[in-house]
Amino acid sequence: MLIRQENSTDYNKVYDVVKKAFESAEHSDGNEQDLVVALRNSTAFIPELALVAEINNQIVGHLMFTKIQIGSNIELALAPLSVLPEYQRQGIGTALMAEGHKIAKEKGFNYSVVLGSEFYYPKVGYVPAEKFGIKAPFDVPTENLMVLNLQGKDIQISGTVEYPKKFGI
């Protein structure tokens, strides 16, 4: 498996991967693929943190981190993470996150926030955001808003997450 930064020639394939990944997802609004397009065209986009996973020259997974604001800090939101259904539960999402977290740490970001499965994301170190005093700008079960301390340092942060306008929140 190859994990690399996406490029413009990947965009159509990534659109399809994201759409297929969320077609049968339990919690989906069906617009995740359009969110990826919108985020790419926003000031929150970080090209180095838009990654694809390839197997046999086929894109089978995609991950995107974008800038968010928490209090006075600029941090990251992991959204979305997509793996084609036939490739799920094979470690591709975990590998994408590991590479993304490594790059985010190197770029100096302190925290990554994710809204997702309380059973999946804790496997890679995410913990409930409420432990840090981080809140969502909308109603969400507290166990589904999680944060990962990328630097492993005790950096104080708290507040309500301000997502980019492209999230439509």
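What to note about this one:
- Being of a type in the set (Val, Ile, Thr), surrounded by fewer than 19 Cβ atoms within 10 Å (Cβ to Cβ) and touching a helix residue (DSSP H, G or I) at 6+ places or on another chain (Cβ under 7 Å) holds for only one residue in VAL140, VAL60, VAL113, VAL124, and it is VAL124.
- Considered as a group, the residues in segment 127-137 that are surrounded by 16 or more Cβ atoms within 10 Å (Cβ to Cβ) and part of a helix (DSSP H, G or I) include one that is farthest from the chain's Cα centre (by Cα), and that residue is PHE132.
- Counted as qualifying within segment 1-81 are the strands (runs of 3 or more DSSP E) with 2 or more residues that are under 20 Å from THR94 (Cβ atoms) and touching a Ser or Thr at 6+ places or on another chain (Cβ under 7 Å), namely 58-70.
- Taking each residue of segment 29-51 that is at positive phi and looking for partners that are outside any strand (DSSP E or B) with beta-carbon atoms closer than 9 Å, six or more apart or interchain, yields GLY30/LYS19; GLY30/PHE22; GLY30/GLU23.
- Evaluating MET97 against the criteria (1) assigned to a strand (DSSP E or B); (2) buried (at least 21 other Cβ atoms within 10 Å of the Cβ) leaves one unmet condition, (1).
A short reminder: the numbers here are calculations on the coordinates, not readings from a lab. Everything numeric in this text was worked out from a predicted model, so none of it was measured. Backbone-built Cβ (ideal geometry, glycine too); neighbour counts: all protein chains shown.
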